[in-house]
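K.L.:
Let me begin by handing over the structure; questions about it come next.
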Amino acid sequence: MSAPTTPLALYRAILRAAGRMPTKNRRHYIWKKARSEFDAAKREADPARIQFLMDYGLISLENINAQANHLRADALFAPSPR
């Protein structure tokens, strides 16, 4: 999958990645954090600042994907309760 190139595409990718988190609390935290960050930046007009925020968002998306993969793998290999 290619990297999102617009703020809306990045926002949607972050929400999709959050949906892969194994717990409801983690999903909701990421959804709320993404919403607050995008709301805070929606009136930004400085192109350099917008590029910085996009780069930061892409790094955050990579981190969310890595955490989701790691946590889901841990859940798959966790010992079953007896």
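K.L.:
Can you tell me how much longer the chain between Asn63 and Arg12 gets when fully stretched, taken as 0.36 nm per residue apart minus their C-alpha distance, in nm with one decimal? Show your work: numbers first, answer last.
P.N.:
On the way: separation 51, 0.36 × 51 = 18.36 nm, distance 1.53 nm.
Here the answer is 16.8 nm.
K.L.:
If you don't mind, there's one more thing I want to ask. Tell me the angle of helix 47-77 to the major Cα principal axis of the chain, expressed in degrees between 0 and 90 and rounded to the nearest ten.
P.N.:
So the helix axis and the longest Cα principal axis differ by about 10 degrees.
K.L.:
While we're here: Quick one: Debye curve from the C-alpha atoms of the chain, no solvent, what's log10 I(q)/I(0) at q = 0.11, 0.13, 0.24 Å⁻¹?
P.N.:
-0.34, -0.45, -1.16
K.L.:
If you don't mind, there's one more thing I want to ask. Excluding same-chain residues fewer than 8 positions from Lys42, which lysines have a Cα within less than 26 Å of its Cα?
P.N.:
List returned: Lys32, Lys33.
K.L.:
Moving on to the next point. With each label point set 7 Å from Cα along the Cα-Cβ vector, what nm distance links His70 and Ala3?
P.N.:
A separation of 2.1 nm, rounded to one decimal place.
K.L.:
Stretch Asp39-Arg26 to full length: gain in nm at 0.36 nm per residue minus the Cα-Cα span?
P.N.:
Values: separation 13, 0.36 × 13 = 4.68 nm, distance 1.99 nm.
Contour length minus the Cα-Cα distance gives 2.7 nm.
K.L.:
Calculated from DSSP H runs of 4 or more alone, at -39500 (n - 2.57) each and per residue, what is the 222 nm mean residue ellipticity of the chain, nearest 500? Intermediate values should be presented prior to the final figure.
P.N.:
Details: 3 runs with 61 residues, N = 82.
Computed mean residue ellipticity for the chain: -25500 deg cm²/dmol.
K.L.:
Compute the helix-to-body angle for 7-18: its Cα long axis versus the longest principal axis of the chain, expressed 0 to 90° and rounded to tens.
P.N.:
Its long axis makes an angle of about 10 degrees.
K.L.:
Now for a separate question. Only counting other Cβ atoms within 10 Å, I'd like Phe38, Phe52 sorted with the fewest neighbours first. It would help to have the intermediate numbers written out before the result.
P.N.:
Values: Phe38 16, Phe52 13.
Lowest count first: Phe52, Phe38.
K.L.:
Which angle between 0 and 90 degrees, to the nearest 10, do you get for helix 24-41 versus the longest principal axis of the chain when only C-alpha atoms count?
P.N.:
0
Every number here is computed from the coordinates shown, using simple stated rules; none is lab data. Keep in mind that what you see is a predicted model, and the values were worked out from it rather than measured. Cβ sites come from the backbone with ideal geometry, for glycine too, and all protein chains shown count toward neighbours.
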